[in-house]
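Accompanying notes for the structure given below.
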Amino acid sequence: MAMAIASAPQQTAVATPPIIDSHDVHLWYGTNEALKGINLTFHEHEITALIGPSGCGKSTYLRTLNRMNDLIPGVTIKGEVTLKGQDIYSSSMDTVALRKEVGMVFQQPNPFPFSIYDNVTYGLRLGGKPSREELDEAVETSLRQAAVWEDVKDKLHDSALALSGGQQQRVCIARVLAVKPDVILLDEPTSALDPISSSQIENMLVNLKKDYTIILVTHNMSQASRISDRTAFFLQGNLIEYDDTKTIFLNPHKKETEDYISGRFG
Amino acid sequence: MQQQDKIRESMLKPSQASKRERHGKILSFAAISLIVIVVVAIFVFVATRGIATFTVDKGNLWDFFTKTTWNPGQTDKSGHPLIGALPMIVGSFAVTLLSAVVATPFAIAAAIYMVEISPRRGYKILQPVIELLVGIPSVVYGFVGLSLIVPFVRTHFGGTGFGILAGTMVLFVMILPTVTSMSVDALRAVPRYYREASLALGATRWQTIYKVVLRAAVPGIMTAVIFGMSRAFGEALAVQMVIGNATLLPQNLVSPSSTLTSILTMGMGNSVMGSVSNNALWSLALLLLLMSLLFNILIHRISKKGALH
């Protein structure tokens, strides 16, 4: 067991190429600097967890990766974020195309007040007019991937708002999967859910890893340790430590990380 | 022992605060009762008068809705009073529907601008303009309609200028602010996270507006439109000034015609209480009352259905 832990970092570190690279990312809300120069590289087909106490900037950082912070007035961003080598903050970058590559799931389940079917096909119908068969197939595939097909297959045309919180969140994940992004960002996707729904979503994320790159913000440290390959620890707008998850949890190099992991604050 | 008795006594007696609460309850209940009594009284009064046309004066209900001759003082060969209200009914519905049809797209466009496209400018400029428009008395609208719109219609569309077209134009301006501000409320009530979810799926801003925000706001916008229609249906003065007030079935949009309200306001002063012509006017009032009741029920239905989502 100890051997496996010791050898794990090298294995994952060389296993997959980087997909998102951020270099010296600063972000200000007005004059308040929320991110103070973040350098972080995410690797394909891995789950990366971003952890840290409330207000440490982890969600803010997550939202710089698909430019959702652009929507907030008064935000200034400096630095470089590349997706497969392309600068996503360059003036020629199309945010619409970017967000199709980098999907996002939010903390509160937020299905549209439409039917489950219309929710899942929403992203597909934006680009053009897919045929009925294509849509049907995409609905089944993505709902199966999101492990909610069995729950909803008989009520696809009922309102998604009639589902339970956990089912709603999985429909929201299916809605993102249907667009076939490369990267999925999840902002505390299980914090509003009960333990059973949370573990269903965790299992699903582990299964999705083979097809997608997953970046997950979580408050729940055991969740991070259970499912992630790498973990980044944020504190007050700084990236304190980024390493293999096992290293972070068993053998952190920084004192702040150790204090946080061991529950001394946060 | 004595102290215990004191506590016991104070607990058994109603306290100052609980007395005040009871007074408050009685007072607010009295206020509510008064309102209910007034509403019921109005209904009963209008209904008894309005129905008297058909019971006491032997008016024919079928004639009321289908005949086109409005001359309640006289009777036809079979002795029924001439109470054909069809011209007014058609007139009322025509101006109401037309003004709603014209106002709705403008109202939705303005609301989208104010909520989605430029909230700051919308709030600074459009909001005060709309509030101002709501506050203008209807006689002013009517006067403007009479001196500007009627001549405009006369020169560009022919006829005397009085008629449904002029009425529609005036009502359009009158209901636009109401429909707009209620549509603004409907759009604002759409949660932010719907917009975020849509944008995060790679939708453009415009796609987000018409595929998510507008769709989620449909019940609210329908309520706004029906509210505007009920205002248009009940508006009397401004319409009366521009519609021509001829109790004839409208031949086209520029022929002088009338609405339920305009005939009511025209006729009220010229009839004696209890006479057939007076009762016939009450029948028109009853129809108006029932229609506004219907609008209210529709609004309730829609907002309840919207709340389910």
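Can you list residues from other chains, or at least 5 along the same chain, whose modelled amide H is less than 5 Å from the amide H of A:Leu35?
A:Leu27
Restricting to DSSP H runs of at least four residues, report the calculated mean residue ellipticity at 222 nm for chain B, -39500 (n - 2.57) per run over all residues, nearest 500 deg cm²/dmol.
On the way: 13 runs with 207 residues, N = 309.
Theoretical 222 nm ellipticity from helices: -22000 deg cm²/dmol.
What is the order of A:Lys254, B:Lys6, A:Lys246, fewest Cβ neighbours within 10 Å to most?
Arranged by neighbour count, lowest to highest, A:Lys254, B:Lys6, A:Lys246 become B:Lys6, A:Lys254, A:Lys246.
What are the DSSP H helices in chain B that stretch 18 Å or more along their long axis, judged by alpha-carbon atoms, and whose average Kyte-Doolittle hydropathy comes to at least 1.0?
Values: long enough: B:16-55 (57 Å, 1.12); B:86-112 (38 Å, 2.04); B:164-188 (34 Å, 1.58); B:218-234 (24 Å, 1.27); B:276-308 (48 Å, 1.18).
Once both thresholds are applied, what remains is B:16-55, B:86-112, B:164-188, B:218-234, B:276-308.
I want the local charge near A:Lys100. Using Cβ-Cβ distances under 14 Å, sum +1 for each Lys or Arg and -1 for each Asp or Glu among the other residues.
Here the charged neighbours net out to +3.
Arranged by the count of other C-beta atoms within 10 angstrom, fewest first, what order do A:His43, B:His23 take?
B:His23, A:His43
What list of ³J(HN,Hα) couplings, whole Hz, do you get for segment B:204-209 from phi and the Karplus terms 6.51, -1.76, 1.60, once you set θ to phi - 60° and write x for glycine and proline?
Using θ = phi - 60°, the values come out as 6, 4, 5, 4, 4, 5 Hz.
Report, to the nearest 10°, how far helix A:165-178 tilts away from the longest principal axis of the Cα atoms in chain A, using its own Cα long axis and a range of 0 to 90°.
For A:165-178 against chain A, the angle is about 90 degrees.
Net charge around B:Leu12, counting only other residues with Cβ within less than 12 Å of its Cβ (Lys, Arg = +1; Asp, Glu = -1)?
Summing Lys/Arg as +1 and Asp/Glu as -1 gives +1.
Under a 5 Å amide H to amide H cut-off, with H placed in plane at 1.01 Å, what residues pair with A:Gly79 once short-range neighbours are removed?
A:His26
If you scale each eigenvalue of the Cα gyration tensor by 5 and take the root, what three semi-axes come out for the protein assembly as shown, rounded to whole angstrom and sorted largest first?
Ellipsoid half-lengths, sorted descending, are 64, 32, 23 Å.
Among DSSP bridges having both ends in the protein assembly as shown, what percentage is antiparallel? Round to the nearest 5. Walk me through the intermediate numbers first.
Details: 29 of 47 bridges.
Around 60 percent antiparallel, to the nearest 5.
What percent of all Cα-Cα pairs in segment B:16-83 falls in each 5 Å bin, counting up from 0?
In order of increasing distance, the bins hold 3, 15, 15, 12, 8, 8, 7, 6, 6, 5, 5, 4, 3, 1, 0 percent.
Any number yet on Rg/Rh for chain A, C-alpha, Kirkwood? Don't skip to the end; give the middle numbers.
Numbers: Rg = 18.6 Å, Rh = 19.1 Å.
Looking at chain A, the ratio lands at 0.97.
Among A:Tyr260, A:Tyr242, B:Tyr193, which comes first, second and so on when ranked by fewest other beta-carbon atoms within 10 Å?
B:Tyr193, A:Tyr242, A:Tyr260
So what's the Cα pair-distance distribution over segment A:158-249, bin width 10 Å, in %?
15, 46, 31, 8, 1
Please state, to two decimals, what the Cα-based radius of gyration of segment B:226-275 comes to when divided by 2.2 N^0.38 Å (N = residues). If you can, show how the numbers build up before the last one.
Numbers: Rg = 12.3 Å, N = 50, 2.2 N^0.38 = 9.7 Å.
Taking N as the residue count of segment B:226-275, the ratio is 1.26.
Enter the mean projected area of the convex hull around the alpha-carbon atoms of segment B:87-308, in nm², rounded to one decimal.
13.9 nm²
In peptide A:102-108, how many Cβ atoms from other protein chains are near each Cβ within 10 Å, on average?
3
Tally Lys and Arg at +1 and Asp and Glu at -1 over the other residues with C-beta under 11 Å from the C-beta of A:Ser22: what net charge comes out?
-4
If you put +1 on each Lys and Arg Cβ and -1 on each Asp and Glu Cβ, how big is the dipole of the protein assembly as shown around its Cα centre, in Debye rounded to 20?
Rounded to the nearest 20 debye, it is 1860 debye.
When you have a sec, figure out the Kirkwood radius of segment B:191-309 from all distinct Cα pair distances and drop it here in Å to one decimal?
Radius from the Kirkwood sum: 17.7 Å.
Of the peptides B:116-122, B:101-107, A:134-140, how do they stack up when ordered by the mean number of other Cβ atoms within 10 Å, highest first?
The peptides rank, most packed first, as B:101-107, A:134-140, B:116-122.
Just so you know, all these numbers are worked out from the coordinates, no wet-lab data involved. What you are looking at is a predicted structure, and each value in this text was computed from that prediction instead of being measured. Note: ideal-geometry Cβ built from the backbone for every residue, glycine included; neighbour counts use all protein chains shown.
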